[in-house]
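What follows is a short report on a single structure.
Readers should treat all values here as calculations from the given coordinates under stated rules, not as data from a laboratory. For clarity, every value in this text was computed on a predicted model and none was experimentally measured. Reconstructed Cβ throughout: ideal geometry from the backbone, glycine too, with neighbour counts over all protein chains shown.
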Amino acid sequence: MATLKDVAQRAGVGLSTASRAISGKGPVSADAAARVKAAIAELNFRPSSIGRAMATQQLGIIGLFVPTFFGSYYGTILKQTDLELRAVHRHVVVATGCGELTPREQALEAVRFLIGRDCDGVVVISHDLHDEDLDQLHQMHPKMVFLNRAFGQLPDASFCADHRRGGELAAATLLAHGHRRIAVISGPFTASDNVERLDGFFDELARHGIARDTVPLIESDFSPEGGYAATCQLLDSKVPFTGLFCANDTMAVSALARFQQVGISVPGDVSVIGYDDDYSAAYAAPALTSVHIPTAELTQNAVRWLINQCYGTKWEIFREYPVTVTMRASVGHVKAA
């Protein structure tokens, strides 16, 4: 395998000149740079990542924690993170929770793993971590950004959509189509973003005379299995409803599947609205109406902010993320009595 010394000898320059030509840092004449470039091609030389790390005190790697690899929501985040890092010739290493620990313990263990791997920076996506956990982790590694989490102690490092507004829009959509007998399948009651969207949803219902304690509410876990089980539980309760709000699209798609199995027409008998508007929503049957959270844009700005902190780049960072509703076929007007 060719070394930097081999490149320098082939190009007829000193080691320091060859190093500067490769890194792009420091003065190098155009002629010397051209000869180094030719030598690299002839020798098929690849710079050592270890050598670069020793020279820059950076690995060129950003760590990313996600609670799970499943689902199109996290797929969007993974893809956008990779795109942003590759644009600046950096890479991502991903950790997720697993094992018999609680979700909170899994998240703490995984983020600490990334910190221990000497990642230049860390992206954290977790609704299971408490504020004191985030503060502790940030003290361990100050170059950290929190995605889909409003953390008041570190507002510059927090990137989150207005989930309360998202909940309001979900309720307003069902109300605008005449629905007043409404049910909800929520995510974990401990998840801050889930709490925000529920509060917004029930506030909007209250403004239209529908009390929170009159609405069937089933706690689930954002998973397809959880959404399916919650739909079964809702149907078994025999409580009548014409509109259903699911706190993410994954659970909403499971609800659509269960309704189809038992002969409930969507939107003829029940209208369903999801949340996130991930790329699976358009391909559900029927196509899923959903509250659109600009996940790719959120991720882009969070990762670019972290890149700025780690590598001195000057990406412009945007903090406004409009939340809207994407209307599709799963919501219709309530049937006349």
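Some notes on this structure:
- Taken one residue at a time, the phi angles of the range 152-161 give Karplus couplings (6.51, -1.76, 1.60, θ = phi - 60°) of x, 6, 9, x, 5, 8, 10, 10, 8, 7 Hz. Gly and Pro are set to x.
- Chymotrypsin sites (Phe, Trp or Tyr not before Pro) restricted to DSSP loop in the range 105-193 with at most 14 other C-beta within 10 Å: PHE189
- Protection proxy ranking for 27-33, 328-334, 300-306, using the average of other Cβ atoms within 10 Å per residue and placing the highest first: 300-306, 328-334, 27-33.
- Exposure proxy order (Cβ contacts within 10 Å, fewest to most) of LYS5, LYS79: LYS5, LYS79
- Value at 222 nm in deg cm²/dmol, rounded to 500, when DSSP H runs of n ≥ 4 in the chain each add -39,500 (n - 2.57): -14000 deg cm²/dmol
- Among CYS232, CYS246, CYS119, a tally of other beta-carbon atoms within 10 Å of each Cβ gives an order, fewest to most, of CYS232, CYS119, CYS246.
- THR289 long-range amide H proximity, modeled H, under 5 Å: GLY274, ARG328, ALA329, SER330, VAL331
- VAL88-GLU297 pseudo-label distance in nm [points 7 Å out on the Cα-to-Cβ vector]: 2.1 nm
- This ranking places ARG149, ARG197, ARG20 by how few other beta-carbon atoms lie within 10 Å of each, fewest first, which gives ARG20, ARG149, ARG197.
- Integer Hz, Karplus 6.51/-1.76/1.60 couplings in order for the range 271-285, x for Gly and Pro: 9, 10, 10, x, 8, 3, 6, 6, 5, 6, 4, 5, 9, 6, 10
- Separation in nanometres of the label points that stand 7 Å from Cα toward Cβ, at PHE113 and THR313: 2.6 nm
- Computed from label points 7 Å out along Cα-Cβ, the spacing between GLU132 and ALA206 is 2.9 nm.
- Reach of LYS335 by Cα under 28 Å, taken over lysines that are not fewer than 8 positions away in the same chain: LYS238
- Efficiency of FRET between ARG181 and LYS238 - r from beta-carbon atoms, R0 22 angstrom, step 0.05: 0.95
- Highest GNM mean-square fluctuation among ARG319, ARG35, ARG164, for the chain modelled with Cα contacts below 10 Å: ARG35.
- Charge dipole magnitude, Cβ of K and R +1, D and E -1 - the chain, Cα centre, debye nearest 20: 1260 debye
- Positive-end residue of ILE210, SER290, HIS177, charge dipole of the chain with Cβ unit charges: SER290
- Within straight-line cross-link reach of LYS5, lysines at Cα separation under 16 Å, skipping those fewer than 8 residues along the same chain: LYS37
- Label corresponding to Cα extents along the principal axes in Å when calculated from the structure given, among (1) 58, 43, 38; (2) 89, 38, 36; (3) 76, 56, 41: (2)
- Pairwise centroid distance, computed over Cα atoms, of the range 286-336 with the range 60-109, Å: 18 Å
- Seen through its C-alpha gyration tensor, with square-root eigenvalues sorted a ≥ b ≥ c, the range 61-147 comes out oblate because a/c lies at 1.5 or above while a/b is not bigger than b/c.
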